[in-house]
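The values are calculated or read from the model by the stated rules, or taken from the named source; none is laboratory data. As the structure is a computational prediction, the values presented were derived from the model and not from experiment. Heads up, the Cβs are rebuilt from the backbone with ideal geometry, glycines too, and the neighbour counts pull from every protein chain shown.
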Amino acid sequence: MAVELLAPSVEIGLVTTDLGPMVEFYENFLGLPFQLDLDFPGGTMKRYLIGDNTLKLVTYDQPPPAALTPGGGRAQTGVRYISLVVTNVTDAAAQVTAAGYEIVEPLTEFTALPGIGWFFVADPDGNWVELAGPI
């Protein structure tokens, strides 16, 4: 079976039980453009744009029984992080550190791509976000 995509984009849902710090991180710190609030039976979501893609911060009226397994891809299989390509990853790492967010994998240059680096930061719930780009 092949699906017929209506939109050439991806929507990523992050479920949280503490929306305030997540909004602070994604909207105010990372500066993702807010799209809209959307209520649905049993919960709500805040939608943010990442280019043509969407990040959805989802809360449910009944919180999920299981919490996040911390540790990104090193802790568990499955979708474990999102990646954002930025214009200057060195400055981004310094801003993350200055803001007090946890860098869980330090700034590292790709061996096969000289001048391009990456690092991982944990959001307030412990989800990993990779920031990559020119060093």
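Tell me which of these residue 101 doesn't satisfy, since it passes every other one: (1) of a type in the set (Phe, Trp, Tyr); (2) outside the structural domain of residue 128 (by TED's automatic domain parsing); (3) assigned to a loop (DSSP other than H, G, I, E, B).
(2)
Pairs under 6 Å by beta carbon, first residue not assigned by TED's automatic domain parsing to the domain that holds residue 126 in segment 67-79, partner modelled with pLDDT of 85 or more and among the basic types (Lys, Arg), six or more apart or different chains?
Listed by first residue and then by second, the contacts come to 72/80; 73/80.
Filter segment 17-34 down to the residues that are touching a Leu at 6+ places or on another chain (Cβ under 6 Å) and surrounded by 14 or more Cβ atoms within 10 Å (Cβ to Cβ), then identify the one that is farthest from residue 49 (Cα to Cα).
Here is the first cut: in segment 17-34, the ones touching a Leu at 6+ places or on another chain (Cβ under 6 Å) are 22, 26, 33.
Then keep just the ones that are surrounded by 14 or more Cβ atoms within 10 Å (Cβ to Cβ); that gives 22, 26.
Details: 22: 15, 26: 10 Å.
Per the criteria, the residue is 22.
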